[in-house]
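Below: the structure, in structure tokens.
Nothing in this text is a laboratory measurement; each read-out follows from the coordinates by a stated rule. Predicted, not measured: the structure shown is a model, and the values here were computed from it. All Cβ positions, even for glycine, are placed from backbone atoms using ideal geometry, and neighbour counts span all protein chains on display.
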Amino acid sequence: MKTNRNFKNLKENYLFAEVSKRVQAYNNEFPNSDVISLGIGDVTIPLSVKAVEACKNAAIEMSTRAGFHGYGPYDGYPFLKNAIVDYYKSRGITIDADEVFVTDGAKNGIGNFLDLFDTDNTVMIPDPVYPAYVDANVLSGHKIVYVDATKENGFLAMPPKRVKADIIYICSPNNPTGAAYNAEQLKQWVDYALENQAVILYDAAYEAYIESKGIVRSIFEITGARDCAVEFCSFSKMAGFTGVRCGWTVIPMCSPLNRMWLHRQAIKFNGTSFIVQRMAESMLRGGYEDTRKMVAEYKSNAKIITKKFDSLGIQYTGGVNAPYIWFDCGIDSWQFFDYLLKKARIVCTPGSGFGKNGDGWVRLTSFNSRERTEEAVTRFEAFWKDFIEVRDKLFEPVR
Ligand code: PLP
């Protein structure tokens, strides 16, 4: 037996493990110290009553002979696929139900999609970004080239002039930076992909957080995208489904990837459960208002953070069209993490864990409760004033 040789090329993914280890060590040393996490990458608001009702009804239906469902379609039940088509339609985007594939989450969709590509492909990944793209491609043995997302380009990497890629990842709104592309910027990516005969794997897991005019919610808003893009979406951050598990992928019919993905799913996937699909449907139909409320609650937490950052003159991206706030701490991200934990009892996520361009930057999330976010911000203000005083004496600048 020979194991996948690429496994040894994976970097020890120590970011979240290391965060927990350091927080645990702090808690052991200072029990009852009331640490607040603004590092949470998971939702915390409970499920909508409408989703729970849909769950109950679907379970009851399954308990009857007439309503029992065994294996479902590999690509999802028509009731959910049609609800997704209508969700796009409400935003003026036309897609066909045959272009929608229901998945058990965007992460699985994005990772498994690599089954469709030959090893002999160059993959372009922005830095910093959601770490799963890099790891999935290392496992697949693809050559990876990075495009820089930095303060200078507003953490929105743009197509490089002389580098060619076959597969391009775009995450907008971005995890971890919260930055999001406008139509003109995405058009440049679409043109680049068409020129290079590349495919864009567009991760829109946070599209429901977009509120700014001109920011794109779906790559299919862009002319030409149907000829070069695939879109991954999720109910996780939109409807609190991180533990329920449901997402979808849109693959235009004109792409050979559409039929290939159906075939791949038929081989390796037996569908998302009927009950979960009914829950997801309820969120796009009668329960849509509940998803808006959830998202609005997280975004009001983000606003609490960004308002304080504005008053403190801290440079940041995100917080407007995303649940993430990404700010410049000016020193080694891990040193900042330790200092913030020690002085303010706040947990953040060090930016260097998302790529080399993340060093000197820090990610905060808006997924804690309003009360805890407010308390954290009060602590942070006192912390920051002190930190600015001592930063140059105690720490080396990172840039
Ligand atoms: N894509 C991005 C950019 C994410 O940040 C996450 C989760 O944090 C996911 C995908 C995973 O989504 P899902 O829960 O649908 O697998």
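Assorted remarks:
- Helices in the chain, meaning DSSP H runs of at least 4 residues, each add -39500 (n - 2.57). Divided by all residues, the mean residue ellipticity at 222 nm is -13000 deg cm²/dmol.
- Relative contact order of the stretch 240-347, pairs being alpha-carbon contacts under 8 Å that are 6 or more residues apart, as %: 14 percent
- FRET efficiency for R370 and S212, using Cβ-Cβ distance with R0 set to 22 Å, rounded to 0.05: 0.50
- Full extension of the chain between A97 and D338 gives 81.9 nm of extra length, using 0.36 nm per residue less the Cα-Cα distance.
- Exposure proxy ranking, count of Cβ atoms within 10 Å, fewest first, for I314, I168: I314, I168
- For Q197 and T242, a Förster radius of 35 Å and the Cβ-Cβ distance give a FRET efficiency of 0.50, rounded to the nearest 0.05.
- Applying the Karplus relation 6.51 cos²θ - 1.76 cosθ + 1.60 with θ = phi - 60° to the stretch 345-356 yields 3J(HN,Hα) values of 6, 10, 9, 10, 10, x, x, 5, x, 9, x, 5 Hz, where x marks Gly and Pro.
- By the count of other C-beta atoms within 10 Å, a proxy for reagent exposure, H142, H69 are ordered fewest to most as H69, H142.
- Cα-based helix-to-principal-axis angle, 274-284 vs the chain, degrees rounded to 10: 70 degrees
- Here r is the Cβ-Cβ distance between E29 and K393 and R0 is 35 Å; the resulting FRET efficiency, rounded to 0.05, is 0.90.
- Between G318, G240, G330, the GNM of the chain built on Cα springs shorter than 10 angstrom shows G330 fluctuating the most.
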